[in-house]
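Quick notes on the structure that follows.
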Amino acid sequence: DNWDVDYDSSEIRFTGLHEGAEFTGTFRNWSAIVAFYPEDLNASEVRVTIDTTSADAGRKLYTESLPGGEWFDTPTFPQARVHVSNFRETDEGYAADARIRVKTSSMTVPLTFTLDIDGDTARLQGHAVVTRKGLNLGQASDPGSLWVSDDITVTVSGQATRK
């Protein structure tokens, strides 16, 4: 890895709809190993470990539901993992493939992001859309997405310093 994440200035946020109203939350605890080389995108990769017990969905009912078996099942699976690879430049910035693993399910989704590198400081803004169905989240009580949207947008923002 060649970047140190400034966790105080960085965030992983998730947003969806519950009964038509937007909700948003964050993961308070996570870590990332970042190897990003703008001059050699093929050698770049990011590995993120998310403490699913640290999910805060912004409302008590939502937050208290997330550790349950049909959601994150935190007693059995206290971590989610993300592997970001296959980086490429786009007209708007960058894109990559984010392989997300929650419990025993995984899916790969496109991650798009902008990156501003100024000397040894990098600032990132990005997003990806995951599906609850693809990650087997909330499928026992709401398989048809009648109450909670299937699409959940994950946004990442942050700052890192070159090692």
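A quick yes/no check of all residues on (1) in contact (Cβ under 8 Å) with a residue 60 or more places away in the chain; (2) more than 20 Å from GLN139 (Cα to Cα); (3) out of contact with any strand residue (DSSP E or B) (no Cβ under 9 Å at 6 or more places or on another chain):
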position: ASP6; (1), (2), (3): yes, yes, no
position: GLU45; (1), (2), (3): no, yes, no
position: ILE50; (1), (2), (3): no, yes, no
position: PRO67; (1), (2), (3): no, no, no
- ARG132, sole failed condition from (1) out of contact with any Lys or Arg (no Cβ under 9 Å at 6 or more places or on another chain); (2) over 16 Å from THR15 (Cβ atoms): (2)
- Task: Residues being of a type outside the set (A, V, I, L, M, F, W, C), in contact with an Asp or Glu (Cβ under 9 Å, 6 or more places away or on another chain) and at negative phi: count how many of those fall in the stretch 93-120.
- Result: 4
- Message: Looking at VAL34 and the list (1) in contact (Cβ under 8 Å) with a residue 60 or more places away in the chain; (2) open to solvent by 30 Å² or more (accessible area, probe 1.4 Å), which single condition is not satisfied?
- Response: (2)
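Given the criteria open to solvent by 40 Å² or more (accessible area, probe 1.4 Å) and either modelled with pLDDT of 95 or more or of a type in the set (Phe, Trp, Tyr) (or both), does ARG59 qualify?
No: the conditions fail for ARG59.
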- Residue under evaluation THR112, criteria (1) open to solvent by 50 Å² or more (accessible area, probe 1.4 Å); (2) at pLDDT 95 or above; (3) in a loop (DSSP other than H, G, I, E, B); (4) hydroxyl-bearing (Ser, Thr, Tyr), criterion not met: (3)
- Listed by first then second residue, the pairs whose first member lies in the stretch 74-88 and is over 13 Å from VAL109 (Cα atoms) and open to solvent by less than 30 Å² (accessible area, probe 1.4 Å), whose partner is assigned to a loop (DSSP other than H, G, I, E, B) and among the aromatic types (Phe, Trp, Tyr), with beta carbons under 9 Å and at least 6 positions apart or on separate chains, are ALA80/PHE72
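Anything in the stretch 145-163 that is over 19 Å from GLY69 (Cα atoms) and outside any strand (DSSP E or B)? List them, or say none. Even if it seems obvious, please write down each step before you answer.
First pass over the stretch 145-163, keeping only residues over 19 Å from GLY69 (Cα atoms): 146, 151, 153-163.
Matches in the stretch 145-163: LEU146, LYS163.
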- Looking only at the stretch 57-79, decide whether some residue is closer than 25 Å to LEU135 by Cα, under 12 Å from the mean Cα position of the chain (by Cα) and among the β-branched types (Val, Ile, Thr). no
- Per-region count, the stretch 25-53, residues more than 15 Å from HIS83 (Cα to Cα) and more than 13 Å from the chain's Cα centre (by Cα): 5
- How many residues does the stretch 12-31 contain that are open to solvent by less than 60 Å² (accessible area, probe 1.4 Å) and farther than 17 Å from ASP97 by Cα? 12
- Item | When residues of the stretch 128-144 are limited to those that are open to solvent by less than 40 Å² (accessible area, probe 1.4 Å) and assigned to a loop (DSSP other than H, G, I, E, B), the one nearest to ARG101 (Cα to Cα) | LEU135
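Out of the stretch 89-102, which residues are open to solvent by less than 50 Å² (accessible area, probe 1.4 Å) and closer than 16 Å to PHE14 by Cβ?
Of the stretch 89-102, the ones open to solvent by less than 50 Å² (accessible area, probe 1.4 Å) are 93-98, 100, 102.
Selection gives ALA98, ILE100, VAL102.
The values are calculated or read from the model by the stated rules, or taken from the named source; none is laboratory data. Note that the structure is a prediction, hence the values are computed from the model and not measured. Note that we place each Cβ from the backbone using ideal geometry, even for glycine, and neighbour counts take in every protein chain shown. These area figures cover heavy atoms from the full protein model, side chains too; ligands, DNA and RNA do not enter into them. Shrake-Rupley method; radii C 1.70, N 1.55, O 1.52, S 1.80 Å.
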